Amino acid sequence: MKKIEIEFTINGKKRRLSVKPNDLLINIIRNDLFLTGSKYGCGIGECGACTVLLNGEPVLSCLTLAATVDGKEITTIEGLAIGDELHPMQKAFLKNGAVQCGFCTPGMILTATALLKENPNSTEDEIRDYMRGNLCRCTGYIQIVKAIKSCENNLETS
Amino acid sequence: MSTNTKILTQEFEYFAPKTLEETLGLLCKYKDKNTKILAGGTDLLVKMKTINLNVDYLINIKDISELNFINTDGGLKIGAAVPLSHIERVGKVKEKYPALYEGIKSMAAIAIRNMATIPGNICNASPAGDTIPPLIVYSAELKLVSKRGERTVQVEDFITGVGKTIIKADELVTQVNIPEINNNSGSAFSKKSRVKADIAKINLAIWLERDGNFCKYCKIVLGSVFIKAVRAKKAEDLLREQIVNDDLFIKVAKKASEEIKPIDDVRSIAEYRTDLAQVMVEDSLKLAWGRAGGEL
Ligand SMILES: Cc1cc2nc3c(=O)[nH]c(=O)nc-3n(C[C@H](O)[C@H](O)[C@H](O)COP(=O)(O)OP(=O)(O)OC[C@H]3O[C@@H](n4cnc5c(N)ncnc54)[C@H](O)[C@@H]3O)c2cc1C
Ligand code: FES
Ligand code: FES
């Protein structure tokens, strides 16, 4: 298989890589770039654990060919904090006990940041609807919804 | 056979053309091979992983700017590279084409909708595809282009069976065209599934045109009840050119549920689907009628 040269930005840094046509983005991110925050859960689009932001929008890296991100901008959970300062959504998850095993958390937080950008005043129903593709086996979602809601309010007052 | 969905084992050649011209050239050159268009990949990659769908040449159309447009002058024209989430954010879609809006919103979750496209949903030709009943009731057509020329086909005539369409190997769906909608009309979409992000047990779309308390014209399309989405034509006949009232809607809904031929599968048994269809058609008729400005 002919390798493909791609260039993209990940968490603000430009990267050039040579990938195979059948390389999945999730594996490039985890195994080649050692950004292991993004998780492999189901591999078929059902769980959201592999969510990353592509040009600012949540997508599933388990169903994305690495070759297709040529020229694009990717943000993973590792790219949200600024230095040691966590992103407000990360703080909100910690403060509200929205993390248990943490497996769903990277995808959950990235999706939640996109929700906040799209609709900074969502109701609980809207939050649950937007987050419906990110599954959590631990928390029962209540703390997650609370965290997102609290983050909304904080962003409004800050 | 056990499947490893973590990797993609099969090998293929990948192309990312930047123009339509280039894409049609590739499709023509490789028309006798296992060549696939890659749009969002949300059906294709799942199939390549789980049922080992064979692909030798893969053509990514997502970066072709000519296919990335939404035009709202006189109806709707949507390019084949536009993700579903961008369509649902267009005000005119929600206002004028609520069945399409609701159909799209019902699909999967935001990350999938940021990737997936309408032509992908139609070409995948699942009987449960959620954009299909809305597009049929709105008389949407697809523009098919190849090196040989172009043609337009109604969505209703495009799909012929489970995973089967009339597209030729060298053709590309470049856009979906939906005609302008009359102000006296109303439409609705309904879907029942196990949980919200799931595939439909039944989905349906209804569109009707009102003239006072008459129903001038209507279309009722149900999905997941046959090898492809189907029109309940006998039910439509009962409603057309009639004075609308509660009783008539109940009769029309009953007729629609008798017309369909659902099957037993993991998602539901046929008998349940028949009963469910009746309730869903009745509710959606009322909703569409109300949206057309009608009263009961
Ligand atoms: C977790 C999950 C949940 C889902 N939920 C739903 C749901 O609720 N409702 C629903 O209807 N679907 C659902 N789907 C299925 C899928 O997301 C949709 O069918 C989607 O619209 C497919 O679009 P795509 O752009 O990703 O298609 P792709 O996977 O890129 O392509 C699908 C097929 O169409 C062909 N194709 C694509 N574009 C063109 C074109 N322009 N011209 C010619 N051929 C083309 C491809 O070659 C391929 O054969 C779900 C999928 C997943 C993984
Ligand atoms: S691993 Fe990608 S959605 Fe589950
Ligand atoms: S915290 Fe364990 S899956 Fe969500």
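In the stretch A:92-117, the residues that are among the basic types (K, R) form Cβ pairs under 8 Å with partners that are crowded, with 20+ Cβ neighbours inside 10 Å, at six or more places apart or across chains, as follows: A:K95/A:A147.
Does A:E126 count as modelled with pLDDT of 95 or more, surrounded by fewer than 24 Cβ atoms within 10 Å (Cβ to Cβ), within 16 Å of ligand 1 (Cβ to nearest atom) and of a type in the set (D, E)? So A:E126 fails the test.
Yes or no, residue by residue, for (1) in the same structural domain as A:N22 (by TED's automatic domain parsing); (2) aromatic (F, W, Y):
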site: A:S38; (1), (2): yes, no
site: A:G41; (1), (2): yes, no
site: A:G48; (1), (2): yes, no
site: A:N55; (1), (2): yes, no
site: A:L60; (1), (2): yes, no
site: A:T68; (1), (2): yes, no
site: A:F103; (1), (2): no, yes
site: A:P106; (1), (2): no, no
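Looking only at residues in the stretch A:63-83 that are touching a strand residue (DSSP E or B) at 6+ places or on another chain (Cβ under 6 Å) and among the hydrophobic types (A, V, I, L, M, F, W, C), the one that is nearest to the other protein chains (Cβ to nearest Cβ) is A:A67. Does A:G43 meet the test of being without any contact (Cβ under 8 Å) to a residue 40 or more places away in the chain, outside any strand (DSSP E or B) and either away from ligand 3 (no atom under 16 Å from the Cβ) or not aliphatic (A, V, I, L, M) (or both)? Yes; evaluated as a whole, the condition is true for this residue. Of the listed requirements (1) buried (at least 19 other Cβ atoms within 10 Å of the Cβ); (2) within 24 Å of B:K143 (Cα to Cα), B:V90 misses just one: (1). Taking the criterion of being of a type in the set (A, V, I, L, M), without any contact (Cβ under 8 Å) to a residue 12 or more places away in the chain and over 19 Å from B:A200 (Cα atoms), the only residue of the stretch B:235-285 that qualifies is B:L248. A count restricted to the stretch B:124-160 and to residues that are within 19 Å of B:N182 (Cβ to Cβ) and either among the polar types (S, T, N, Q) or within 16 Å of ligand 3 (Cβ to nearest atom) (or both) stands at 2.
Here is a check on your reading of the model: is A:K91 surrounded by fewer than 19 Cβ atoms within 10 Å (Cβ to Cβ) and either among the aliphatic types (A, V, I, L, M) or closer than 30 Å to B:I199 by Cβ (or both)? Spelling it out, it is not the case that A:K91 is surrounded by fewer than 19 Cβ atoms within 10 Å (Cβ to Cβ) and either among the aliphatic types (A, V, I, L, M) or closer than 30 Å to B:I199 by Cβ (or both). Within the stretch A:28-39, being surrounded by fewer than 19 Cβ atoms within 10 Å (Cβ to Cβ) and within 11 Å of chain B (Cβ to nearest Cβ) holds for one residue alone: A:N31. I'd like the full set of residues that are among the charged types (D, E, K, R) and part of a strand (DSSP E or B), limited to the stretch B:1-30. The one that is among the charged types (D, E, K, R) and part of a strand (DSSP E or B): B:E13. Residues that are within 11 Å of ligand 1 (Cβ to nearest atom) and among the hydrophobic types (A, V, I, L, M, F, W, C) within the stretch B:25-44 comprise B:L27, B:I37, B:L38, B:A39, B:L44, listed in sequence order. Scanning the stretch A:68-99 for residues that are under 29 Å from A:I4 (Cα atoms), of a type in the set (D, E, K, R) and assigned to a helix (DSSP H, G or I) yields a single hit, A:E78. Among residues of the stretch B:138-167 being within 11 Å of ligand 1 (Cβ to nearest atom) and in contact (Cβ under 8 Å) with a residue 40 or more places away in the chain, the one that is surrounded by the fewest Cβ atoms within 10 Å (Cβ to Cβ) is B:S146.
Sort through A:K13, A:K2 and tell me the only one that's over 12 Å from the mean Cα position of the chain (by Cα), modelled with pLDDT of 95 or more and either more than 16 Å from ligand 3 (Cβ to nearest atom) or more than 10 Å from chain B (Cβ to nearest Cβ) (or both). A:K13 is the lone residue from the list that is over 12 Å from the mean Cα position of the chain (by Cα), modelled with pLDDT of 95 or more and either more than 16 Å from ligand 3 (Cβ to nearest atom) or more than 10 Å from chain B (Cβ to nearest Cβ) (or both). The set of residues from the stretch B:109-127 being of a type in the set (S, T, N, Q) and facing chain A (nearest Cβ under 9 Å) comprises just one member, B:N114.
Here A:G102 passes the criteria (1) within 14 Å of chain B (Cβ to nearest Cβ); (2) of a type outside the set (A, V, I, L, M); (3) part of a loop (DSSP other than H, G, I, E, B) except the one numbered (1). Restricting the stretch B:272-290 to residues that are of a type in the set (D, E, K, R) and modelled with pLDDT of 95 or more, the residue that is surrounded by the fewest Cβ atoms within 10 Å (Cβ to Cβ) is B:D283. Scanning the stretch A:101-140 for residues that are within 16 Å of ligand 3 (Cβ to nearest atom), β-branched (V, I, T) and under 17 Å from the mean Cα position of the chain (by Cα) yields a total of 4. When B:L58, B:L67, B:L24 are screened for being within 12 Å of chain A (Cβ to nearest Cβ) and either closer than 21 Å to B:I112 by Cβ or in contact (Cβ under 8 Å) with a residue 12 or more places away in the chain (or both), only B:L58 passes.
Would the stretch B:210-219 turn up any residue that is modelled with pLDDT of 95 or more and in a helix (DSSP H, G or I)? No, because not a single residue in the stretch B:210-219 is modelled with pLDDT of 95 or more and in a helix (DSSP H, G or I). Could you list all residues from the stretch B:7-20 that are in contact with a helix residue (DSSP H, G or I) (Cβ under 9 Å, 6 or more places away or on another chain) and either within 14 Å of chain A (Cβ to nearest Cβ) or surrounded by fewer than 15 Cβ atoms within 10 Å (Cβ to Cβ) (or both)? Matches in the stretch B:7-20: B:I7, B:L8, B:T9, B:Q10, B:F12, B:Y14, B:F15, B:A16, B:P17, B:K18, B:T19.
The values are calculated or read from the model by the stated rules, or taken from the named source; none is laboratory data. Keep in mind that this is a model prediction, so the values were computed, not measured. Virtual Cβ from ideal backbone geometry, glycine too; neighbours counted across all protein chains shown.
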